[in-house]
Amino acid sequence: MKKNLFEMGAKFEDGWSSDNKIKPKKQTTTETKAPNEHSLTIAKEKRRGKIVIIIKEFFISKSELKSLLTDIKKHLGCGGTIKNNSIELQGNLSKEAKDYLIQKNFTFK
């Protein structure tokens, strides 16, 4: 038998993985602050012709943030979600949301 003169394919060395579905974990801060130590901001965005209010950056645990979102949605009668330690609310309710969070001892910039 003759020895192959050409090699096809890639060399598999250490640190190489064939599984492209594994993503590196993002570093998340688990710093928690009291409500009066927050410095929240409110931003308005228009998505698909509708106004969305974004209130960010919360430094509380996920369970506390979920319960706060539930309370805000019930109080304002709107929909909303949590994304990246911020709350997104449907509708032009920035003044009402700000007043409600001030009642809950949160501070704004």
Ranked on Cβ counts within 10 Å of their own Cβ, fewest leading, GLU45, GLU88 go GLU45, GLU88
The relative contact order of region 35-103, taking Cα pairs under 8 Å that sit 6 or more residues apart, comes to a percentage of 31
Compactness check, region 35-103: C-alpha Rg relative to the 2.2 N^0.38 Å globular estimate gives 1.02
Violations at 21 Å Cα threshold for listed pairs LYS56/LYS109; LYS66/LYS109; LYS46/LYS83; LYS73/LYS98; LYS46/LYS98; LYS44/LYS73 -> LYS66/LYS109
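Every number in this text was worked out from the coordinates using simple rules, so none of it is lab data. Keep in mind the model is a prediction, meaning the values are calculated, not measured. Don't worry about glycine lacking a Cβ; one is built from the backbone with ideal geometry, like all the others, and counts go over all protein chains shown.
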